[in-house]
1. For the pair H55/F43, report the inter-label distance in nm, with labels modelled 7 Å from Cα in the Cβ direction.
2. Taking the solvent-accessible surface of protein heavy atoms with a 1.4 Å probe, what is the per residue accessible area of the stretch 1-40 in Å²?
3. Tell me the relative contact order for the stretch 1-66 as a rounded percent, counting alpha carbon contacts under 8 Å between residues six or more apart.
4. Over the stretch 12-116, what relative contact order in percent results from Cα pairs under 8 Å that are six or more residues apart?
5. Taking a probe of 1.4 Å, how large is the accessible area per residue of the stretch 50-116, in Å²?
6. Quick one: how many Å² of R44 are accessible to a 1.4 Å probe, rounded to 10?
7. Based on alpha-carbon atoms only, what is the radius of gyration of the chain relative to the globular estimate 2.2 N^0.38 Å?
8. Any chance you could check the Cα centroid distance between the stretch 86-110 and the stretch 5-30 for me, in angstrom?
Amino acid sequence: MKITRIYPDSQGESHFDEIEIELADAGDIGLLSALQPATGIIFRETAEDYDYAWHPAPRRQYVVFLEGQADFSVSDGETRRFSAGDVVLLEDTSGIGHYSKAVDDKRRKTLFITLD
């Protein structure tokens, strides 16, 4: 399973990357990854006009998009759109961080899985 990662380089610039979460055959229940350690879960809903300027992530965390969409920009100039079903690993806890903005004037529901 591929997911997107946002990370900082040594100069504090942020970038996108793709990482692979390995899945193994678990028989009748499908494919499963190894157990991933986590420290908590945060449920979040953002407004239709959500527009959060450059900021680093407050902690390492997965963002699971449940409903709605958002554009995420990184400081190297790339922007990607995420929507329901997408998972993003935020590791840009230092440096410039990322920019996130609602799209289509719709609310967004996300689940944060904290790792630190």
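The values are calculated or read from the model by the stated rules, or taken from the named source; none is laboratory data. Predicted model only: the values in this text are computed from it and were never measured. Neighbour counts are summed over all protein chains in view; Cβ atoms, including those assigned to glycine, are modelled from backbone coordinates with ideal geometry. Just so you know, the surface numbers come from the protein's heavy atoms only, side chains and all, with ligands and any DNA or RNA stripped out. Shrake-Rupley method; radii C 1.70, N 1.55, O 1.52, S 1.80 Å.
1. The two pseudo-label positions are separated by 2.1 nm.
2. 72
3. 18
4. So the answer I get is 41 percent.
5. With the other protein chains kept in place, the stretch 50-116 gives 48 Å² per residue.
6. Near enough 80 Å² of accessible area.
7. Expressed relative to 2.2 N^0.38 Å, the Cα Rg reads 1.10.
8. The stretch 86-110 and the stretch 5-30 have Cα centres spaced 16 Å from each other.
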